[in-house]
1. Limited to the range 251-266, what total is found for residues that are open to solvent by 10 Å² or more (accessible area, probe 1.4 Å) and not in a strand (DSSP E or B)?
2. With the structure loaded, tell me whether Ser213 is modelled with pLDDT under 85 and of a type in the set (Ser, Thr, Tyr) or whether it fails that test.
3. Pairs please, first residue from the range 195-222 and within 15 Å of Leu246 (Cα to Cα) and open to solvent by 10 Å² or more (accessible area, probe 1.4 Å), second anywhere and among the aromatic types (Phe, Trp, Tyr) and part of a strand (DSSP E or B), Cβ atoms under 6 Å, 6+ apart in sequence or on different chains.
4. Taking the stated definitions as given, is Asn283 closer than 26 Å to Gly174 by Cα and at pLDDT below 90?
5. Are any residues in the range 202-216 of a type in the set (Val, Ile, Thr) and in contact with a helix residue (DSSP H, G or I) (Cβ under 7 Å, 6 or more places away or on another chain), and if so, which ones?
6. Quick one: what pairs do we get from the range 148-174, first residue farther than 21 Å from Asn113 by Cβ, second of a type in the set (S, T, N, Q) and in a strand (DSSP E or B), C-beta under 7 Å, 6+ apart or different chains?
7. Counting only residues that are in a loop (DSSP other than H, G, I, E, B) and among the small types (Gly, Ala, Ser), how many does the range 219-242 have?
8. Somewhere in the range 295-305, is a residue open to solvent by 10 Å² or more (accessible area, probe 1.4 Å), under 21 Å from the mean Cα position of the chain (by Cα) and at pLDDT 85 or above?
Amino acid sequence: MNLVNIKYKLIFLIAMLIAINSFGQSNPKLSNYEFSPLTYNPSFAGSDDGLTISSLYSTQWQGFEGAPETQFLAVHSMVSPQIGVGIDIINDQIGASKETQILTNFAYKIDINQYWKISMGIKAGFSTYRFDFSSLNIENPFEINLLSNKKTSTNFNFGTGFYVYNGQFYLGIGVPNLVISEFYDNNNDIIAKSTQHYYMTTGHKFILNNEISFWPTMMFRFAKGAPVSSLVNFNLNWKDQFYTSLNLDPKASVGGYFGLRILDKFIIGYSYDTSINNFNNYNSGSHTIFLKVNLNNGFFGVGPHSSFFR
């Protein structure tokens, strides 16, 4: 093992320790970021071999009124040895609010040397935010003249990101929305305002034997006015047929998933997360089902996620 490999493995292990000790905020949906990397970083467009289709359906905090519900669909592929393109569609509903995003992604990949590559990406599209005042449970609804109305706002989104990788390690930073949007009611009062989120992801693949590989990954989320949120995933891949993971969001949630490859091209799975703070008294956990389809494997090179979920 050369000094370069020793160096980046030490960096990875130190970062893992930092993540475990970081203060987390509750967002169990992040536990599925391995299946939806375009959500957080457009440079992952084309990171799998060939054409990839990913979808998931998530219901968070079962039993809690107005809890988040999310549907996600992403399609991305390499169109040349250097260029990856994709589109992701996200539908999020939380209580009386509902947001739909339709975003295109473009990534350009450069060889740093024989082993390392860098991918740089941009994301652009629009989001529609809807708020249904009539669904609110207000003691005196006649005091507010907007409760029978539904407000809709459409905003432009733009984001960027990059990641560096080789066959076993990757490190990426993404800012999926650089544009701050504000949503006003008829009285010109702010109902909602977006915040820029910065995501850092990293992972390292360890080959345990000819059949099993171990891939710990981490995500850090930074947002103005909020504590740093972190998530650690411990993933196992057996024979490229069975996938399982244990994840931890310190002081917020713990969970895991199980995935199964079917007919070589399809991976289906289920994940469950439960709160590990006082919020556990008010919900019965979060459930997610996911489907990933890989077509034309080996089309143009290998990215870090294709190495794991190929």
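1. Of the residues in the range 251-266, 4 are open to solvent by 10 Å² or more (accessible area, probe 1.4 Å) and not in a strand (DSSP E or B).
2. So Ser213 does not fit the description; no.
3. Pairs found: Phe214/Phe206.
4. Criteria not met by Asn283.
5. Thr202
6. Thr152/Thr128; Thr154/Thr128; Asn155/Ser127; Asn157/Gln101; Asn157/Ser127
7. Selection size over the range 219-242: 2.
8. no
The values are calculated or read from the model by the stated rules, or taken from the named source; none is laboratory data. Source: prediction; values computed, not measured. Cβ sites come from the backbone with ideal geometry, for glycine too, and all protein chains shown count toward neighbours. The accessibility values were calculated without ligands, DNA or RNA, using every heavy atom of the protein model including side chains. Shrake-Rupley method; radii C 1.70, N 1.55, O 1.52, S 1.80 Å.
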